[in-house]
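Notes follow the structure.
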Amino acid sequence: MDILEAVAFVDKIVFGRLNYNVKSSEFKYSKEFYNSLASAVVKFCKKNRIACYIKQGTQI
């Protein structure tokens, strides 16, 4: 994922749904979208030795 490679310099990635913006919930499958990407984020973090936090409500 290009976006993960762009932030590979960070010490920690926090991943999950955007709760501060109503627009993010308007997508019909927003929850499924985030859930489908969570395992890729965890894998990327392990590979690059980056701390990873998956927000509550996002399933791996």
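Taken together, the values in this text are just the output of simple stated rules run on the coordinates, not laboratory data. What you are looking at is a predicted structure, and each value in this text was computed from that prediction instead of being measured. For neighbour counting, all protein chains shown are included, and Cβ atoms are generated from backbone atoms with ideal geometry for every residue, glycine included.
Over the chain, DSSP H runs of length four or greater, each weighted -39,500 (n - 2.57), average out per residue to a 222 nm ellipticity of -12000 deg cm²/dmol. Within the chain, the chymotrypsin sites (Phe, Trp or Tyr not before Pro) that combine a DSSP coil assignment with at most 12 other C-beta atoms in a 10 angstrom radius are 9, 20, 27, 29. Over the chain, Cα pairs under 8 Å with separation of 6+ residues give a relative contact order of 48 percent.
Rg and Dmax over the alpha-carbon atoms of the chain stand at 11.9, 34 Å.
Could you give the length gained by full extension between residue 47 and residue 23, i.e. 0.36 nm per residue of separation minus their alpha carbon distance, to one decimal place? The partial results should precede the final answer.
On the way: separation 24, 0.36 × 24 = 8.64 nm, distance 3.21 nm.
Result for the pair: 5.4 nm of gain on full extension.
Taken about its Cα centre, the chain carries a charge dipole of roughly 180 debye when the Cβ of each Lys and Arg holds +1 and the Cβ of each Asp and Glu holds -1.
Computed from the C-beta positions of residue 11 and residue 32, the FRET efficiency with R₀ = 35 Å rounds to 0.75.
In order along the range 36-47, the Karplus-derived 3J(HN,Hα) couplings, from 6.51 cos²θ - 1.76 cosθ + 1.60 at θ = phi - 60°, round to 5, 9, 4, 5, 5, 5, 4, 4, 4, 4, 4, 4 Hz, and Gly and Pro are given as x.
Bridging of residue 43 to lysines at a Cα separation below 24 Å is possible for 12, 31, 55, once same-chain residues fewer than 8 apart are set aside.
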